[in-house]
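The values are calculated or read from the model by the stated rules, or taken from the named source; none is laboratory data. None of the values given here were measured: they were computed from a predicted structure. We place every Cβ from the backbone using ideal geometry, glycine too, and count neighbours over all the protein chains shown. SASA here: full protein model, heavy atoms, side chains in, ligands and nucleic acids out. Shrake-Rupley method; radii C 1.70, N 1.55, O 1.52, S 1.80 Å.
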Amino acid sequence: MLSEGEALISLLSSQSSPQVHTQTPAHTRDLVLDIQRLRTHYFLEKGTVKALDGVDLQLKRNSTLGLVGESGSGKSVTARSIMRIIKSPPGKIVDGEIWLHRDSGNGTRKSVDLTKLDPRGADIRNIRGKEVSMIFQEPMTSLNPLHTVSRQIGEVVRLHQNVNKKEAEAVALEMLQKVQISDAKTRLKQYPHQLSGGMRQRVMIALALSCNPAILLADEPTTALDVTVQAQILDLMQGLKDEFNSAIVLITHNLGVVSQMADHIAVMYFGKIVEYGTVQDVFHNPQHPYTVGLLQSIPVFGKKSHSKLVPIRGMVPSATTTIQGCAFAARCPYASAKCQEPPPLIESNGHKVACWLAQS
């Protein structure tokens, strides 16, 4: 069975492809990604899982968007939908658009809707790894245990750049040095199991950035790493983002990481965006009860407090549950009869909230 990384690499291709349908919107000057009404569903025997149920997101160049929420909220599915690596069947993008905006020279920009591309076609294979890349949650299962670091990074480079094997290995060595791996020449010849967790994570970052993508999707990039290594990885990602002028979608449960890395935050719950805004707006003026609950349920180290942490009561609804109104109403201390209707995502000064309480 192929690992996630191997499956992704096997889909990459440098073959020429026919011209895809593009457009040049006037309002996309600073945007590199514009997701509109995205719905990704999984059709199972026990019911339909609406993993994403109308997601709207925008990502600006050279910025970081933090995507937060409990497990099962749809964060990873969002990244996989962008990459078009949703396992089908049972998964399928049933509605919505994912616009990738690209500079085409002479000051003009062109855009392509990724949902209209064949997931296994040449067009999307030319985009994966080259323009949009992804760091998966667990590098040990994402890297191929049968191939050396040099071969895995070099293969991606050769697929997207007109270089030979020796030149691709030189690029791989350069990338390992950029991610600050000690004795990079030796590490190139090693296999994933010979590396520590922090080194494997750095290799994943090197692989993801080897072709200088415009967008990096980082799905829990510091999972299972100790605090010291975690800080090093985050500093590394921030430095490489600035160097390559990339944009990052940072998927994590760690609100502390988001506060350090992100420019904007999108809070997800049950397949929808319930709050969106700048880091300062969301952390200092949260409007949705779910966001408030997330912030109240985390400890603040170094701060003396006699008050207990306030957990969010109840559980996330079953993935196959059909909810007509607000999905958080059953857990919300402020729920009312109005919550039987689904609240729209309303914007005020760039701060978006999907809650009747915030709109009253």
Exactly one of (1) open to solvent by 70 Å² or more (accessible area, probe 1.4 Å); (2) modelled with pLDDT of 90 or more; (3) in contact with a Lys or Arg (Cβ under 9 Å, 6 or more places away or on another chain) is unmet by T322. Its number? (2)
Give the residues of the stretch 96-114 that are over 19 Å from K60 (Cβ atoms) and crowded, with 18+ Cβ neighbours inside 10 Å, sorted by residue number. G96
Name every residue in the stretch 184-216 that is exposed (fewer than 15 other Cβ atoms within 10 Å of the Cβ) and either among the charged types (D, E, K, R) or in contact with a Ser or Thr (Cβ under 8 Å, 6 or more places away or on another chain) (or both), in order of residue number. K185, K189
Cβ-Cβ under 6 Å pairs, at least 6 apart or on other chains, the stretch 65-90 side on the phi < 0 side of the Ramachandran plot, far side aromatic (F, W, Y) and surrounded by fewer than 22 Cβ atoms within 10 Å (Cβ to Cβ): P90/Y42; P90/F43
Given the options L117, L173, L146, name the one that is open to solvent by 60 Å² or more (accessible area, probe 1.4 Å) and of a type in the set (A, V, I, L, M, F, W, C). L146
Quick check on the stretch 81-95. Is at least one of its residues assigned to a strand (DSSP E or B), modelled with pLDDT under 95, open to solvent by 50 Å² or more (accessible area, probe 1.4 Å) and not charged (D, E, K, R)? no
Just to verify a result, which residue in the stretch 18-41, among those that are touching a Ser or Thr at 6+ places or on another chain (Cβ under 7 Å) and at pLDDT 80 or above, is farthest from G74 (Cα to Cα)? D34
Checked pairs for the stretch 270-282, first closer than 11 Å to L65 by Cβ and assigned to a strand (DSSP E or B), second among the basic types (K, R) and open to solvent by 10 Å² or more (accessible area, probe 1.4 Å), C-beta under 6 Å and 6 or more apart or across chains, list as Y276/K352
Could you list, in sequence order, all residues of the stretch 42-62 that are open to solvent by 20 Å² or more (accessible area, probe 1.4 Å) and in contact with a strand residue (DSSP E or B) (Cβ under 8 Å, 6 or more places away or on another chain)? Y42, F43, T48, V49, K50, D53, G54, D56, Q58, K60, R61, N62
Going through the stretch 327-342 one residue at a time, which ones are closer than 25 Å to V279 by Cα, open to solvent by 30 Å² or more (accessible area, probe 1.4 Å) and not hydroxyl-bearing (S, T, Y)? P333
